[in-house]
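The structure appears right after this line, and notes come after that.
The values are calculated or read from the model by the stated rules, or taken from the named source; none is laboratory data. Here the structure is a predicted model, which means the values were calculated and not measured. We place every Cβ from the backbone using ideal geometry, glycine too, and count neighbours over all the protein chains shown.
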Amino acid sequence: MIRLENIKKIYKMGEYEVHALRGVSLHIKAHEFVSIIGPSGSGKSTLMNMIGCLDVPTSGAYYVDGIEVSKMKDDQLADLRNKKIGFIFQQYNLLSRLTALENVELPLIYRGMSAQERQRLAKEALERVGLGDKIKHKPNELSGGQQQRVSIARALSSKPSLILADEPTGALDSKSGIEIMQMLHELHNEGNTIVLITHDLKIAKQAERVVTISDGSIVSDIDNKEGNEVSL
């Protein structure tokens, strides 16, 4: 489903070059649950941006469902993100003036769906995460865990082939964090492909595979079920 081949990303800072990714190759199959872990400055955020089609590499190739996206233009990337990727962010990224239902509807608007169809899918997604009775609530009327559930519902509403979760428990208390991880496991068991970005080893180890990145390079890729290094 996801295939990165020798991805390099170089940022120019005046006269200096920052090598954020140094020839990263990574394959993720459909229906896998993979965590990517690394400290601040390791390159995991840049790698997340590549996987999420939020940025393009300096060199190398990136494929999603067999489609090369590494040379796509911005509007093509935006269309692919909207159709194939559901994002779950640490800070939820909800619009405060909108209700839970309206926040979940947002990505569907860009698909040109009718208002009736958008509302049906958004309600279905909110019910899926246990918030069917909160559809008219605004973010400031919800707890942190509930706001993250709205974020998950928004990611699910467009029925993406990939769910990309960026530190989804980072802003939550331990109880809410456990609930969110349980939900991600449920989504995975239902057949969703999940890529989880984290700096927390305990969270990372809950995935099927743990990919560790350091200084812009993948230093290990462990299959948690077998306890073996994954070979490309």
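Quick notes on this one:
- Count - residues of region 10-45 that are without any contact (Cβ under 8 Å) to a residue 40 or more places away in the chain and either acidic (Asp, Glu) or buried (at least 19 other Cβ atoms within 10 Å of the Cβ) (or both): 2
- Test: residue in region 176-184 that is touching a residue at least 60 places away in the same chain (Cβ under 8 Å), touching a Ser or Thr at 6+ places or on another chain (Cβ under 6 Å) and of a type outside the set (Gly, Ala, Ser): no
- Filtering region 194-212 to residues that are in contact with a strand residue (DSSP E or B) (Cβ under 6 Å, 6 or more places away or on another chain) and farther than 20 Å from ALA155 by Cβ leaves ARG209, VAL210, VAL211, THR212.
- Considering only residues in region 49-68 that are aliphatic (A, V, I, L, M) and either over 18 Å from PRO107 (Cβ atoms) or part of a helix (DSSP H, G or I) (or both), the one that is nearest to the chain's Cα centre (by Cα) turns out to be ILE51.
- Count of residues meeting criterion [within 19 Å of the chain's Cα centre (by Cα) and among the acidic types (Asp, Glu)] in region 84-128: 1
- Among the residues of region 78-92, the one identified as in a loop (DSSP other than H, G, I, E, B) and surrounded by fewer than 16 Cβ atoms within 10 Å (Cβ to Cβ) is GLN91.
- None of ALA100, ALA115, ALA78 is modelled with pLDDT of 95 or more and small (Gly, Ala, Ser) except ALA100.
- Sole exception among (1) in contact with an Asp or Glu (Cβ under 8 Å, 6 or more places away or on another chain); (2) surrounded by fewer than 22 Cβ atoms within 10 Å (Cβ to Cβ) for SER174, by number: (1)
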